Amino acid sequence: MKKKVYIKTWGCQMNVHDSSMIKNILKATNQYTIIDQPEISDILILNTCSIRENAQEKLFHQLGRWKKLKKKKTKTIIAVGGCVATQEGKKIYKRANFINIIFGPQTLHRLPKLLEQAYTNKKILIDIKEKSLKKFDHSINKEINKKITSFVTIIEGCNKYCSFCIVPYTRGKETSRNNKDILTEITSLTQIGVREVILLGQNVNAYNIYNKKSKKKYRFSDLLYEIAAIPKIDRIRYITSHPIEFSDDIIDAYKKIPQLTNFLHLPIQSGSNKILRLMKRGYTVEKYEHIIDKLKHIRPNMTISSDFIVGFPGETDKDFQKTLDCVSKINFDTSYSFIYSQRPGTRAEKLIDTTSLEEKKKRLFLLQNTIKQQALRWKRRMLGTQQSVLVEGFMKNNIHELYGRTENNRIIIFTGNSNLIGKLINVTVTNINYHTCLQGKINKINTYKILNTRSAS
Ligand code: SAH
Ligand code: F3S
């Protein structure tokens with residue numbers, strides 16, 4: 001009988017994608033089935049993230065709950081993976097000696113072996129080190145990847161060492177995946193219906209392969225051109241890119257690659273140059289604005305979203321005001337903002353932080369409110385306009401209603417039939433709502449054929 005596995009995931013898209021890779025890998029062995037009830041599982045896997053919080057405490061709370069389950073079902077195997085596992089390693093076992101496996105983001109492909117060993121070996125198994133990106137050799141499983149849109153990791157790790165960030169310590173050095181492997185993976189994805197890829201990486205635009213023979217660099221833009229040339233790829237998105245490496249060849253790609261959406265998520269973090277310097281981000285607000293100006297010159301309808309950190313050590317009211325000014329000036333669409341959280345071992349840990357938590361919360365509230373209002377204005381502007389929408393499927397509770405995403409990542413619902421799924425069509429926005437999805441109607445003239453000529457076959 002197949003063993004039942006429950007996987008709990010914290011954190012970013014990268015982690016969500018790692019967890020779906022774990023699912024693929026385990027399913028491919030034919031020995032495991034993934035379920036969503038921890039109480040009746042034989043194996044409990046926790047994929048942790050430590051980017052913005054004290055995940056250590058959260059981890060032991062979670063493990064405490066699972067300890068109770070293991071008391072009732074003593075043969076349960078518990079595996080802890082992700083960034084906290086890499087950071088803390090054996091220390092986790094010291095506080096929670098009932099766990100069986102500790103694995104890292106780069107060793108998840110060895111889980112089937114580790115699980116096998118865990119059944120015969122009573123000792124803790126720790127496997128967190130791996131320099132290569134071998135895990136991607138296992139990333140596709142045609143059975144469970146029946147989607148219109150799919151994540152594809154192109155680069156892992158980060159060398160930037162922004163002073164606040166733990167990622168370079170947990171995910172290791174920037175390592176680009178082989179371009180041929182990426183292109184093969186995307187081609188196979190199109191064969192099972194995928195029409196949009198979301199390229200993943202801590203800094204996708206740091207992507208770089210050096211060809212020793214030709215002595216040439218193969219860059220992120222080169223990859224974009226090759227992906228765009230794959231038949232049936234109708235949309236290309238990517239997260240996250242970094243302003244430092246947002247070079248002119250990438251901006252130029254927006255002229256030539258229609259599949260690149262009119263939407264970019266480019267983290268700025270702060271509107272104050274003093275804070276950006278302390279964060280060691282490597283650019284100024286002016287440099288950031290210059291990138292956006294150049295992009296908008298090519299794509300006037302482009303919308304931009306961003307990440308912000310408030311309450312970074314040394315941030316004064318004046319600095320914070322600069323962030324608010326920059327939100328309005330750049331006119332960001334939906335963005336993400338967080339209160340600075342001190343991460344162990346990072347350079348910012350040593351900076352003196354005199355701002356009270358109360359003040360930080362006040363700033364976050366102000367910023368989020370500004371962002372919300374602005375995103376709502378962007379939404380309002382969409383009313384009555386025609387949007388290019390990639391149709392992803394039927395709504396769960398209504399088989400007459402389809403849903404898809406606009407270029408600026410908003411879900412839109414409209415009436416239509418199943419042959420539109422996977423097509424890029426024009427939808428007019430008929431209704432907007434503060435909290436929920438947009439509503440729309442398909443234009444009388446069926447424009448999807450026109451939009452899809454590039455990939456029609
Ligand atoms: N590579 C991306 C960031 C990835 S981390 C970049 O270049 O910016 C995702 C987001 O988490 C960051 O953009 C940042 O806004 C937030 N973040 C990272 N570390 C943080 C910390 N210590 N405290 C608060 N927010 C943090
Ligand atoms: Fe973190 Fe900065 Fe890299 S935010 S992921 S160190 S670019």
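One chain, two ends: residue 301 and residue 173. Fully extended at 0.36 nm per residue, the span grows by 42.5 nm beyond their Cα-Cα distance. Fraction of C-alpha pairs exceeding 30 angstrom in the chain: 51 percent, rounded to a whole number.
On the basis of the beta-carbon distance and an R0 of 56 Å, residue 380 and residue 119 show a calculated FRET efficiency of 0.45.
The heavy atoms of residue 17 present about 20 square angstrom of accessible area, all protein chains included, probe 1.4 Å.
Measuring nothing but protein heavy atoms, the accessible surface of segment 1-127 at 1.4 Å probe radius is 50 percent carbon and sulfur.
Taking each DSSP H run with n ≥ 4 as -39500 (n - 2.57) and averaging over every residue of the chain yields -10500 deg cm²/dmol at 222 nm. Across segment 160-165, computed HN-Hα scalar couplings (Karplus, 6.51 cos²θ - 1.76 cosθ + 1.60, θ = phi - 60°) run 7, 6, 4, 5, 8, 9 Hz from first to last residue, x flagging Gly and Pro. Between residue 181 and residue 129, the simple label model (points 7 Å from Cα in the Cβ direction) yields a spacing of 2.0 nm. Close amide H contacts of residue 77 (hydrogens built in the peptide plane, cut-off under 5 Å, sequence separation of 5 or more or a different chain): 43, 44. The residues of the chain present an accessible area of 48 Å² per residue when probed at 1.4 Å with all protein chains retained. Extension gain, residue 435-residue 394: 0.36 nm per intervening residue step, less the Cα-Cα distance, totals 12.7 nm.
Could you list, in their original order, any pairs among 67/94; 147/255; 113/180; 23/232; 160/256; 296/329 whose Cα atoms are separated by more than 19 Å?
Violating the 19 Å limit, Cα to Cα: 147/255; 113/180; 23/232; 160/256.
Remark: relative contact order (segment 139-261) = 26 percent; criterion is Cα-Cα distance under 8 angstrom and separation of 6 or more residues. Legend: residues 346, 149, 430, sorted from most to least accessible area (1.4 Å probe; ligands, DNA and RNA excluded), read 430, 149, 346. Add +1 for every Lys or Arg and -1 for every Asp or Glu among the other residues with Cβ under 12 Å from the Cβ of residue 336, and state the total. For residues surrounding residue 336, the net value is 0.
With a simple spin-label model that places each label point 7 Å from the Cα along the Cα-to-Cβ direction, the separation between residue 65 and residue 331 comes to 4.4 nm. Across the protein chains, with a 1.4 Å probe defining accessible surface, the residues 378, 10 rank 378, 10 from largest area downward.
How much accessible area does residue 195 have with a 1.4 Å probe, in Å² rounded to the nearest 10? Accessible area of residue 195: about 40 Å².
Here the Karplus curve 6.51 cos²θ - 1.76 cosθ + 1.60, taken at θ = phi - 60°, turns the phi angles of segment 34-50 into couplings of 8, 10, 10, 10, x, 4, 10, 7, 8, 10, 10, 10, 10, 9, 8, 9, 10 Hz, with x standing for Gly and Pro.
Bridges between two residues of the chain, per DSSP, are antiparallel at a rate of about 40%. Under a crude label model (7 Å from the Cα following the beta-carbon direction), how far is residue 13 from residue 339 in nanometres? Reported label-point gap for residue 13 and residue 339 is 2.7 nm. The HN-Hα couplings worked out from phi for segment 386-400 by the Karplus form 6.51 cos²θ - 1.76 cosθ + 1.60 (θ = phi - 60°) are 9, 10, 7, 10, 8, 7, 9, x, 8, 5, 4, 9, 8, 6, 9 Hz, whole numbers, x standing for Gly and Pro. For residue 336, nonlocal amide neighbours, meaning residues 5 or more places apart or on other chains whose placed amide H falls under 5 Å from its own, are 306, 307, 308.
The values are calculated or read from the model by the stated rules, or taken from the named source; none is laboratory data. Everything numeric in this text was worked out from a predicted model, so none of it was measured. Heads up, the Cβs are rebuilt from the backbone with ideal geometry, glycines too, and the neighbour counts pull from every protein chain shown. Note: accessible area is taken over every heavy atom of the protein model, side chains too, but ligands, DNA and RNA are not part of it. Shrake-Rupley method; radii C 1.70, N 1.55, O 1.52, S 1.80 Å.
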